[in-house]
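S.K.: Okay, here's the structure, questions in a sec.
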Amino acid sequence: MARKLWAKRGLAALATGAVAVSLAACGGSGAGGGTDDGAGDGEAGGLVGVAMPTETYERWVADGDAVESGLEAAGYEVDLQFAGDDIPTQQQQIDAMINSGAEALIIASIDGTALGSQLEAAAASNIPVISYDRLIRDSENVDFYVTFDNYEVGVQQGTSLLTGLGVLDESGEPIADAGPFNIELFAGSPDDNNAGFFFEGAMSVLQPFIDDGTVVVPSGQTEFGTVAIQRWEQEGAQTRMEDLLTSTYSDGDAVVNGVLAPADVLSRGVITALQNSGYGEGDLTIPIVTGQDAEAASARLIREGVQYSTIFKDTRLLADQAVTAATAFLEGNEPEANDTETYDNGVQVVPSFLLPTVIVTADNLDAELIDSGYLTEEEVASGQVDE
Ligand code: GAL
């Protein structure tokens, strides 16, 4: 189906050639400004709309910057927008991108089900849509998906929680007579398709140890719907952890040994609640807390022994894939997928390109994050990214 769409799009591109040419004239100084050398593609240099969810997370800012500079280097004009985690704002931004002649869209959605009419408008104008990191659901008008192996991220989170607790050894083998350990579970935003993948992946690792009693969830809260934090808000995680400490741990008998936290921002909310109630002081050691995204603020906490782990998703590689996919579409080709089975958006299985991820703890933080150039020593030391 998609192939037919892009065949049709070639005709539309001829009709919009004037727009493409004038935009190429503005944006043509990039290294790839001369990519318009394929026989008759005539499309390099067009406008690409990039919609990111929010600027309040380090990672999305890094993603936005990397996609923008990659596209510019390939000779495209870029309209990069952040939506402040507000759904109507993101809808309006995408509408505006379409109206101003975007030839491709790269979208990291806030609510994966809320962009139906924008995607219909994009399809009506033969604008290819690349779902960025988060799958856009319930639409046939999503053409490609670039992401990480989200289920594996969850597996890595569950594994690092068990390794930190001492249930598994370094090679992933169970340690005899470990536990019992008290853990609590958190999941991401229910409107983000990724959140379910992370949670399922983590539970695939944790459930056998819950079943045999090595690990206990004293609150009894183990359902995704109960443990999910709307919009991935740090305050939401802090409040839920505070409530758990009050409801389940206030009689002084039980202590929290570990927390499955699915993203660094939530980890920091959980850690704040724990510290405010005395964890990390005296005999009350800070629990093993997982994370995701290798944000500088959490890298610092990992180095200081406060947060145990994060999952490193190299957003530079994801941005590269998005640029590669956009370029393929704009040159009239299909991007290369490495997964055509996993990501059913409710209407279609969206061809995807999945990237690998790495568990980071204090042991490999410098090697993975600093030596790779992802964060600088100063950023890790200060817990803040440089502008
Ligand atoms: C997810 C994303 C994670 C994390 C989270 C909160 O969709 O895959 O890396 O950033 O959103 O923003």
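The values are calculated or read from the model by the stated rules, or taken from the named source; none is laboratory data. Only a predicted model underlies this, so the values are computations on that prediction, with no experimental measurement involved. Here the Cβ is made from the backbone with ideal geometry for all residues, glycine too, and neighbour counts use every protein chain on show. Quick note on the areas: whole protein, heavy atoms, side chains included, nothing else; ligands and nucleic acids left out. Shrake-Rupley method; radii C 1.70, N 1.55, O 1.52, S 1.80 Å.
S.K.: Quick one: which of 324-331, 251-258, 89-96, 170-177 comes out on top by average Cβ neighbours within 10 Å, and what's the full order, highest first? Mind dumping the intermediate values first?
M.R.: Numbers: 324-331: 22.4, 251-258: 14.6, 89-96: 18.8, 170-177: 8.8.
In descending order of packing, they fall as 324-331, 89-96, 251-258, 170-177.
S.K.: To test your reading of the geometry: what angle, between 0 and 90 degrees and rounded to tens, separates the Cα axis of helix 315-330 from the longest principal axis of the chain?
M.R.: Approximately 30 degrees, to the nearest 10.
S.K.: Let's see if you can work this out: charge +1 on each Lys and Arg Cβ, -1 on each Asp and Glu Cβ, no other charges. What is the dipole magnitude of the stretch 178-330 about its Cα centre, in debye to the nearest 20? Please list the in-between numbers first.
M.R.: Values: 7 positive and 21 negative charges, 92 e Å.
I would put it at about 440 debye.
S.K.: Here's another thing I want to ask about it. For the chain, with every protein chain kept in place, what is the accessible area per residue (1.4 Å probe, Å²)?
M.R.: Values: 15620 Å² over 387 residues.
Value returned for the chain: 40 Å² of accessible area per residue.
S.K.: For the chain, set up a GNM with springs between Cα atoms under 10 Å and report which of 189, 219, 250 has the largest fluctuation.
M.R.: Greatest mean-square fluctuation among the candidates belongs to 250.
S.K.: Work out the length of the dipole vector of the chain about its Cα centre, built from +1 on the beta-carbon of each Lys and Arg and -1 on the beta-carbon of each Asp and Glu, and round it to the nearest 20 debye.
M.R.: About 880 debye.
S.K.: For the chain, with all protein chains present and a 1.4 Å probe, just round the carbon and sulfur fraction of the accessible area to a whole percent. Numbers along the way, then the final one.
M.R.: Numbers: 7610 of 15620 Å².
Exposed carbon and sulfur together represent 49 percent of the surface.
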